[in-house]
Each structure stands twice: as C-alpha cells, then as structure tokens.
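Please treat every number below as a calculation from the coordinates, not as lab data. Since the structure is predicted, the reported quantities are computational estimates derived from the model, not experimental observations. Positions of Cβ are backbone-derived with ideal geometry, glycine not excepted, and every protein chain shown enters the neighbour counts.
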Amino acid sequence: MISESWLLYGAAGYTGRLVAEEAVRRGHRPILAGRSAEKLAQLADRLGLPHVVVGLDDDDALTRVVAHSRLVFHAAGPFTKTSDPMVRACLRTGVHYVDITGEIEVFESNWARQEDALRAGIVLMSGVGFDVVPTDCAARFVADRVPDARQLSIGVAIVGGTSGGTLKTVIESLPGGVIVRRDGKLTNVSAGRGVRNIPFADRDRAAIPMSWGDVSTAYRTTEVPNITVYMATSRRAAWSLRVFHPMLARMLAIDWIRRSLQGIIGTLVRGPSIDTLSSTTTQVWAHAENERGDSHEVWVEAEGSYPFTAHAGVRIVERILGGMTPGVTTPALAFGADFVLEVPGTRRYDNQRPPRAKTQGGTGLARA
C-alpha cells in the first residue's frame, strides 16, 4: 500500500528529477510516478523512494494511485495536454493539486473550477515554479504600492539553457500568437510586435511581448486590468519572429508537423548540465502605473529557472500540506509578495535599480 503524503508525477523528466532531489534534501519521501517504468525505477533506486507506473489516459488507474496521497505535484508537460486528467483525478479523490505550468489555457481552466475545488476541499494551484512564482510575487509587490494601477508590465530574462519539456511547450503554443490582458480580457496580438527596452537588473535588454502565465495569474493576484509580459531577446530575433511567425504558425498548426518536431526535441534536447545550472540566473522586472502616472517598479534576481522551480515548488508543497484554505489560487495571492524571498539565492530591489546596472541602449541582447 502506498502511504507517502504526496505524489510527484513526471518525476523522470528533467524538472521532475530536480524536484525529487530537492524534496529528498528537505526530508520528504514523495511517490515518484509517470509512464516510463525504466526511468522511474532508476531514479527511485538512486533516491530510495517508492514509485508507481501509471498513464494519464487510464482514469480508473490514475484515480486509484492519486487517492493514496494528500497532494499531487504534476510536472509532466505540455500541460495543455496533461493537466486536465490529473486535475479531474484530484477533484474526484479530494487531493490537492499543484503544477509547474506557465500555460495560460491551464490557468484559465483552473479558475473555472473554483466551485469544484471548494466542494472537493482541495487547493488547486498552477505555476508553483519559475512559471510563475517570481513574476507573480513581483506583480503583487508593485500593485500593492499602486493599488489603483491600470497598467502592469512584467519583463523576464532567462540566462541559461532550457529543457526539452519547455521547448515542447513553446512549440505547442506558438501557433496562437501572443496573449495579453486588455481591459480585463485576454487578447491576441501578433508575435514580434511591441518591441521595447526593459531596464533589467544588470543592463537594458530588448524585449518582446510573450504569452506568459501572468496575464492570467497576475490578473487574479492584482486585479490590474491591463497586463503585458515581455521576454528579453535580441532585436534580430524579434524581427525574425515578426516576419516569419505567420508561416511558422501555419506549419505548426498542422498536428503531424508539430508532433514530429516535439518528438525530435524529446530525443535531442536533454536540458542544461549541472555546470550550466550552477551558473544560470533569471531576472524579473515589474512596473505598475495608474491613470495619474503614479508608478512603482521592482527587480527580482534569482538562480536559474530550473533550480528555482525545485526550491519554490517543494516549499509550496510544504505550505499546502501544513494547512491552507481550499480553492483555486496563485502563489502570491496565497503566500504574499515576499514568498519569493524564501527561495535560496533570490534578491529583490525595491524601486531602485541595482547600482551595477549598465545602460546599453536599444540593442542590448539577452545572452542565453
């Protein structure tokens, strides 16, 4: 009989392994779960943890496995394809649910389940990792200081490698263009438009609007009606995306092309090495402004996005298992703007850019 208090699904994936390792370091014994018997067995043997093989396409088996835990940590993307069966299993069994998605569709789907979560007596929280903890906390920080803000801008710079799962998610979302929040409603805009400079903590970087979970989560956390999230890039990349996005979107809208590319990524991309992880950083900038022009901004620097996800995710598991009011929520709505500072290596600069920052004009590039 499985008796450990929480289950980690997708444990054999790149991020899942990091979460499992962090959980063990903090004294947890999660049940490792997923579809790959061989990979799960290897990881379970190395960490001394129990494991169970179950697919997301077998509702009865999934329900039986989930029912033995108090919480499910879902780490198997792309979440637009994988989250729904797991959420339904958690609602059926009264088991808390968290995941590490950054996909807007998943956040919106969860918010529509508020009454279901309350009836089941569970916490339902997506985005417990780099997507969207630091951005959500930064958004709440500035919105708390401009309580009548109408505009919220968030910038993200990821300095380091990426995993296959993340790239698969990007491929899955690319055909839809860029989603922003306007007057409280989700709105599509053309990819590559709206290039701007953002004064990140170390230097100015060119950035483009992108579909990031905060257009859903930060709206619930702050109630600011107009939200745009930007990703640091190079001007050449921004231009290429603007020019070629229509063609790419048409190609990737064809199911077999998209699936083939995701299959190639799954085979070839292994994610950042341990050495790379130790040297990567992530940067977040947030700016809130009201109609009178009053504004506030904040900078958050953290370790690489994958270690951050492991640290933040396990701490959120601990918070939920320690007792929380049921319902659908966000990290900053549940734990406050300062929660991000509990993650090792995270720094925040309030309304004053760090002194080492250097202005490099409009052509600053985000080194990846």
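Check V72: other-chain or 5+ apart residues with amide H under 5 Å from its amide H, H built from backbone geometry?
L7, H96, Y97, V98
What are the ³J(HN,Hα) couplings of region 303-318, residue after residue, when phi is run through the Karplus curve with 6.51, -1.76, 1.60 and θ = phi - 60°? Round to Hz, x for glycine and proline.
Karplus values, whole Hz, x for Gly and Pro: 5, x, 4, 6, x, 4, 4, 5, 5, 5, x, 5, 5, 5, 4, 4.
For G327, list long-range residues whose amide hydrogen, built 1.01 Å from N in the peptide plane, is under 5 Å from its own amide hydrogen.
Here the answer is I122, V123, L124, since their amide H atoms fall under 5 Å of that of G327.
Could you order the peptides 223-232, 341-350 from most to least packed, using the average number of other C-beta atoms within 10 Å per residue?
223-232, 341-350
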